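S.K.: Once you've had a glance at the structure underneath, I'll fire off some questions.
Every read-out reported here was derived from the displayed coordinates using simple, explicitly stated rules and does not represent laboratory data. Remember, it's a predicted structure, so these values are computed and weren't measured experimentally. Virtual Cβ from ideal backbone geometry, glycine too; neighbours counted across all protein chains shown.
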Amino acid sequence: MLRFDAVSVRYPFGNTYREVLEHIDLEIDPGEFVTVIGQTGSGKTTLLRLALGQELPARGRVFMDGNEIREPDRHRGYVPQKYSLFPDKTVLDNITFGLEVQSFSLLGRVTPAFFRARKRFRAEAMQQLLRMGLRKEDASKYPDELSGGMQQRVAIAQALITRPRIVLMDEAFSALDPNTRAGMQDLLLELWRLTGMTILFVTHNISEAVYLGTRVVALSKEYEPEQDRQRGSRVVLDMQMPNSPGRHFKQSAEFARLVNYVEEAMEPPRAAGPMAAAV
């Protein structure tokens, strides 16, 4: 479904360039839950932006269903780290917004057809709301009346209602407290099992990556001692995870072993010289 073909990304840095991602080859099949892990600055979010079409690679190409990605579209839903809700819209209006924009132009939203469709959209949004574990009375609330966990539930509903082919999630639970985060992880796993959707989930939390993913992909930078420089991040681990193990898995010795294995795979080689601290 989603393919990164020899993708590299670099940004201007003074009089030269700094490599962020280097020669990324990665394929994601329908129905997979792929978690991407890496240290700060390893290019995880950049990888997601490439998949979304918000950014284009310096080299290589990114494909969705065989078509090169050049810009965002409705086939790729997105849940950012910060809640993507409109503060002046109710919960229900936030959820239906994507469907309305996708289906009607600005002028089209004053026609009888729009108001008929809007009734259908709102009924579907209410179903999504309840599926997220929220209540009917939450539909008329505004984002600032919701907790962080509730806002993120709405953001996920907002992404899912347009029925994207893949959902891209960027550190989606990192702003939540530990208990709320654990609950959101279980909710997302339940939604994934029920719907069979495809998810690409970026996180800096190794335990979260191992718990959620059917595959864990780790990114890490490489150090070139001859030139005393870091290269762009590469895929240093692409590993299948146990199939839907459930919450009890977090307490097992196997879970601890897998977390340790991923952590070691991400550890970059240490330099002997002045670049060591930077690496």
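S.K.: Taking the Cα-to-Cβ direction at Phe63 and at Asp29 and moving 7 Å from each Cα, how far apart do the two end points lie in nm?
M.R.: 1.7
S.K.: Residues in segment 187-216, backbone N under 17 Å from the label point at Thr162 (7 Å along the Cα-to-beta-carbon vector): list them, ranges by number please.
M.R.: Residues 198-200 qualify, since their backbone N sits under 17 Å from the label point.
S.K.: Moving on to the next point. With 10 angstrom as the radius, rank Ile95, Ile69, Ile28 by how many other C-beta atoms surround their C-beta, starting from the fewest. Don't skip to the end; give the middle numbers.
M.R.: Details: Ile95 29, Ile69 24, Ile28 20.
In increasing order of surrounding Cβ atoms, one gets Ile28, Ile69, Ile95.
S.K.: Using r as the Cβ-Cβ distance of Glu124 and Thr16, and R0 as 51 Å, what FRET efficiency do you calculate, to the nearest 0.05? Please list the in-between numbers first.
M.R.: Details: r = 51 Å, r/R0 = 1.00.
Result of the calculation: an efficiency of 0.50.
S.K.: As an exercise, use a Förster radius of 30 Å and the Cβ-Cβ distance of Thr111 and His75 to find the FRET efficiency, rounded to the nearest 0.05. Please report the intermediate quantities before stating the final value.
M.R.: Numbers: r = 26 Å, r/R0 = 0.87.
With R0 = 30 Å, the Cβ-Cβ based efficiency is 0.70.
S.K.: What whole-number distance in Å separates the alpha-carbon centres of segment 3-28 and segment 150-223?
M.R.: About 24 Å separates the Cα centre of segment 3-28 from the one of segment 150-223.
S.K.: Neighbouring Cβ atoms within 10 Å as the yardstick, rank Lys250, Lys119 fewest first. The partial results should precede the final answer.
M.R.: Numbers: Lys250 15, Lys119 10.
In order of increasing Cβ crowding within 10 Å: Lys119, Lys250.
S.K.: Taking the simple approach of a point 7 Å from Cα along Cα-to-Cβ for both Gln39 and Arg247, what is their distance in nm?
M.R.: Modelled inter-label distance: 3.4 nm.
S.K.: Using the number of other C-beta atoms within 10 angstrom as an exposure proxy, rank Glu22, Glu222, Glu254 with the fewest first. Each step should come with its number before you reach the end.
M.R.: Working: Glu22 21, Glu222 16, Glu254 11.
Placing the least packed residue first, the sequence is Glu254, Glu222, Glu22.
S.K.: Just grab the label-to-label distance for His204 and Glu263, each label 7 Å out from Cα along the Cβ direction, in nm (one decimal).
M.R.: Distance between the two pseudo-spin positions: 1.6 nm.
S.K.: If each residue of separation counts as 0.36 nm, what is the full-extension length gain between Thr195 and Asn179 once their alpha-carbon separation is subtracted?
M.R.: Values: separation 16, 0.36 × 16 = 5.76 nm, distance 2.45 nm.
Stretched out fully, the Thr195 to Asn179 stretch lengthens by 3.3 nm.
S.K.: Another question, if that's okay. For the pairs Lys141/Lys250; Lys44/Lys89; Lys119/Lys141; Lys44/Lys141; Lys44/Lys119; Lys82/Lys221, note any where the Cα-Cα span goes beyond 28 Å. It would help to have the intermediate numbers written out before the result.
M.R.: Values: Lys141/Lys250 35 Å; Lys44/Lys89 31 Å; Lys119/Lys141 18 Å; Lys44/Lys141 34 Å; Lys44/Lys119 39 Å; Lys82/Lys221 26 Å.
From Lys141/Lys250; Lys44/Lys89; Lys119/Lys141; Lys44/Lys141; Lys44/Lys119; Lys82/Lys221, over 28 Å: Lys141/Lys250; Lys44/Lys89; Lys44/Lys141; Lys44/Lys119.
S.K.: Counting alpha carbon pairs within less than 8 Å and at least 6 residues apart, what relative contact order, in whole percent, applies to the chain? List each step's numbers first, then the result.
M.R.: Numbers: 501 pairs, mean separation 68.8, N = 279.
Here the relative contact order equals 25 percent.
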